[in-house]
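Peer 1: Have a look at the structure that comes next, please.
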Amino acid sequence: MLTGVQVLLLGGDARQLEVIRRLTELDAVVTISGFDGLHSPLDGAVQADFEEQLFDGVDALLLPAVGTDEHGYVHAVFSNRKMQLTDSHLARLPKHCKVFTGMAKPYLHQLCKQNGLDLIELFERDDVAIYNSIPTAEGALMMAIQNTDITIHGSDSMVLGFGRTGFTMARSLHGLGSKVKVGVRRSEHFARAAEMGFEPFYISSLQQNVSNIDLLFNTIPTMIVTAQIIANLPSRAVIIDLASKPGGTDFRFAEKRGVKALLAPGLPGIVAPKTAGRIMADCLSQLILEETIKRGNGI
Ligand code: NAP
């Protein structure tokens, strides 16, 4: 239980509703700001205006999936009010307070550093990234279905990158009966992809492997689907770029060539906010509990 633990949660989207629910169930003292536009009340949480004194005595500060923008503004879909996180807010947090977010921009990194606060980025954790790969792959499949006139079954697909997202993407496509090529750069990934029944190739030979592809899913967060690659793709191909913004595709050239290319960020929060919220809630509640026990306040 998190009895007596003070949590301040600022902004976010439907995923945060799951987090709030879980933390109040665990008996934490949850104060929320950025939910004033929500129609139904959130039992057990205290709604408050965004003011500096909210930060006094807080044990855990929870920020949305993307903590703040480059200027410190916290995105809050359930509010029209602006919340700008500044040094004067973080300076009021006790030094033991942990700051949690999905992924942080340099602004938030800097703010936490100058206030000596630990910043924990949930999406960097393997467990969260692996769980999140499930709604990501489902969302990518949905986009593929919506943007093609063929079935995934029997299609020639390609997945670039064999990390946490690429692995699940390739397995999901394979499970639906697609012939899946997987672009890797490590020999152990090549071996694993072969063992799983995919057709692996090294990224260095990407250009030689794209000529018959119907669906290309990129998970490599660097420019990889270049003009040269796109020029070798059949015009019927659809590119779904899952890598974080700005993706790894030359979208300008794809448009010029008439190849459909879609950047698809933030799929878990879009296609399965409840599941994505539960993933965050499970991880956050566990981490806050561990911190509480470390400080000797565990119940
Ligand atoms: P990951 O586990 O680190 O996997 C990245 C993969 O890309 C690894 O296989 C890595 O190879 C490979 N790679 C990186 N740089 C490369 C390069 N220069 N050349 C060849 N291969 C390279 O990351 P992840 O969790 O799967 O996430 C992948 C991307 O998807 C990230 O940008 C992440 O933010 C994004 N993402 C998007 C969504 C969405 O909704 N669209 C959801 C989750 C994640 P090595 O293993 O050899 O390093």
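Peer 1: Just one of (1) within 15 Å of the ligand (Cβ to nearest atom); (2) modelled with pLDDT of 95 or more; (3) among the hydrophobic types (A, V, I, L, M, F, W, C); (4) open to solvent by 30 Å² or more (accessible area, probe 1.4 Å) trips up PHE253, so point out which.
Peer 2: (1)
Peer 1: OK, next. Please state which one of LYS245, LYS260 is touching a Pro at 6+ places or on another chain (Cβ under 6 Å) and surrounded by fewer than 17 Cβ atoms within 10 Å (Cβ to Cβ).
Peer 2: Exactly one of LYS245, LYS260 is touching a Pro at 6+ places or on another chain (Cβ under 6 Å) and surrounded by fewer than 17 Cβ atoms within 10 Å (Cβ to Cβ), namely LYS245.
Peer 1: Can you find even one residue in the stretch 68-83 that is touching a residue at least 24 places away in the same chain (Cβ under 8 Å), among the acidic types (Asp, Glu), open to solvent by 50 Å² or more (accessible area, probe 1.4 Å) and over 25 Å from GLY269 (Cβ atoms)?
Peer 2: no
Peer 1: Next up: Is it true that HIS89 is farther than 27 Å from ARG278 by Cβ and surrounded by 13 or more Cβ atoms within 10 Å (Cβ to Cβ)?
Peer 2: For HIS89, the condition - farther than 27 Å from ARG278 by Cβ and surrounded by 13 or more Cβ atoms within 10 Å (Cβ to Cβ) - is met.
Peer 1: If you don't mind, another one. With the checklist (1) under 25 Å from the mean Cα position of the chain (by Cα); (2) buried (at least 17 other Cβ atoms within 10 Å of the Cβ) in hand, flag the one item VAL58 doesn't pass.
Peer 2: (1)
Peer 1: Also, quick follow-up: Name the residues in the stretch 11-46 that are closer than 15 Å to VAL74 by Cβ and open to solvent by 50 Å² or more (accessible area, probe 1.4 Å), would you?
Peer 2: Of everything in the stretch 11-46, just one residue is closer than 15 Å to VAL74 by Cβ and open to solvent by 50 Å² or more (accessible area, probe 1.4 Å), namely ASP36.
Peer 1: Let me ask another. Is one or more of the residues making up the stretch 276-296 surrounded by fewer than 17 Cβ atoms within 10 Å (Cβ to Cβ), within 27 Å of the chain's Cα centre (by Cα) and over 30 Å from VAL19 (Cα atoms)?
Peer 2: no
Peer 1: Taking ILE240 as meeting all but one of (1) touching a helix residue (DSSP H, G or I) at 6+ places or on another chain (Cβ under 7 Å); (2) open to solvent by 10 Å² or more (accessible area, probe 1.4 Å), write down the number of the exception.
Peer 2: ILE240 satisfies every listed condition except (2).
Peer 1: Test of understanding: among VAL99, VAL66, which residue is within 16 Å of the ligand (Cβ to nearest atom) and among the β-branched types (Val, Ile, Thr)?
Peer 2: Within the list VAL99, VAL66, the selection yields VAL66.
Peer 1: Which condition from (1) touching a Ser or Thr at 6+ places or on another chain (Cβ under 8 Å); (2) not in a helix (DSSP H, G or I) is the one that ARG81 breaks?
Peer 2: (1)
Peer 1: Another one. Can you pull out every residue in the stretch 128-153 that is over 18 Å from ASP241 (Cβ atoms), in contact with an Asp or Glu (Cβ under 9 Å, 6 or more places away or on another chain) and not aliphatic (A, V, I, L, M)?
Peer 2: Residue satisfying the conditions is TYR131 alone.
Peer 1: Something else now. So which residues in the stretch 78-101 are within 23 Å of ILE293 (Cα to Cα) and within 22 Å of the chain's Cα centre (by Cα)?
Peer 2: Passing the criteria: LYS98, VAL99, PHE100, THR101.
The values are calculated or read from the model by the stated rules, or taken from the named source; none is laboratory data. Keep in mind the model is a prediction, meaning the values are calculated, not measured. Cβ sites come from the backbone with ideal geometry, for glycine too, and all protein chains shown count toward neighbours. Quick note on the areas: whole protein, heavy atoms, side chains included, nothing else; ligands and nucleic acids left out. Shrake-Rupley method; radii C 1.70, N 1.55, O 1.52, S 1.80 Å.
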